[in-house]
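Asker: Before I ask anything, let me first share the structure, which is written out below as structure tokens.
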Amino acid sequence: MYDRFGKRGLDILGAAAALLLLSPFFVVVALAVAVALGRPVLFRQERAGRGGQPFTLLKFRSMRDGPGDDAARLTRFGRALRASALDELPQIVNVLRGEMSLVGPRPLPMAYTALYSARQRLRLVVRPGLAGVAQAAGRNGVPWDLRLELDAVYAAAPQASLSRDLRAMAGTLAILLKRRGVTGPGHATMPAFTGPAPQPADE
């Protein structure tokens, strides 16, 4: 029942409740972004959804406009916003639209889909999520191959599990509160995915 109806029902109820309860944070963060970075306050980017179908991901802006790499455009305000994960709040709207779930693999850029191995492509079988097993393992601090393998394990399960989703949400919340894994080692955000790590040759 949870697999067929409960997961989506929980997404709708949970996202609607979060939107209602967190609406003051939406207003405060939107005003802070407008003051610190200017308009628009929302960042929109095409990401791969279920089945690899594109959708427009919503986030609060955390980088200023202009030339330069992520490190150059990411301000102190932007770093604090990302560390708190408040920049992800608008994705509650993506959940309500059915483009995302409360729990699932994080939505990644469309360009990455062509780079996945057959195993890694399993992550596209389910809706991407706000929280997930890879997020709970350490957010951006988890190397790509392990991160995508955790996503594949989640997506390949015979059916959705409420207990597993609750554990993923609790683990993700714990990581956020500890402010762990905000960035990849040596990067301002997360290094770009360039394909699966090469496998050692058989002897």
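Asker: Zone of M110 (label point 7 Å along Cα→Cβ, backbone N under 20 Å): which residues in segment 81-103?
Answerer: 91, 94-95, 97-101
Asker: For V33, what is the net charge nearby, where nearby means another residue's Cβ is under 11 Å from its Cβ and Lys, Arg count +1, Asp, Glu -1?
Answerer: +3
Asker: Whole-Hz ³J(HN,Hα) for each residue in segment 23-32, computed from phi via Karplus 6.51 cos²θ - 1.76 cosθ + 1.60 with θ = phi - 60°, x for glycine and proline: what do you get?
Answerer: Calculated HN-Hα couplings, in order: 4, x, 5, 4, 5, 5, 5, 4, 5, 5 Hz.
Asker: Sticking with this one: Explain nothing, just the number: dipole magnitude of segment 2-178 about its Cα centre with +1 on each Lys and Arg Cβ and -1 on each Asp and Glu Cβ, in debye rounded to the nearest 20.
Answerer: On the way: 25 positive and 13 negative charges, 12 e Å.
Approximately 60 debye in magnitude.
Asker: Ok, one more. M1 label point, 7 Å along Cα→Cβ, cut-off 17 Å on backbone N: hits in segment 152-167?
Answerer: Residues passing the 17 Å test: 160-164.
Asker: While we're looking at this one, here's another question. Students often get this wrong: which residues of segment 44-77 have the backbone nitrogen under 14 Å from the point 7 angstrom along Cα-to-C-beta of T194?
Answerer: Backbone N within reach: none found.
Asker: Another question, then. Can you give me the Cα centroid spacing of segment 112-191 and segment 60-92 in angstrom?
Answerer: For segment 112-191 versus segment 60-92, the Cα centre distance is 20 Å.
Asker: First select every other residue whose beta carbon is under 11 angstrom from the beta carbon of L122; then total the charges, Lys and Arg +1, Asp and Glu -1. Provide the component values of the computation, followed by the final result.
Answerer: Working: positive: R119, R121, R123; negative: E149, D151.
Cβ neighbours under 11 Å give a net charge of +1.
Every number here is computed from the coordinates shown, using simple stated rules; none is lab data. Because the structure is a prediction, the values reported are computed rather than measured. Cβ: placed from backbone, ideal geometry, glycine included. Neighbour counts: every protein chain shown.
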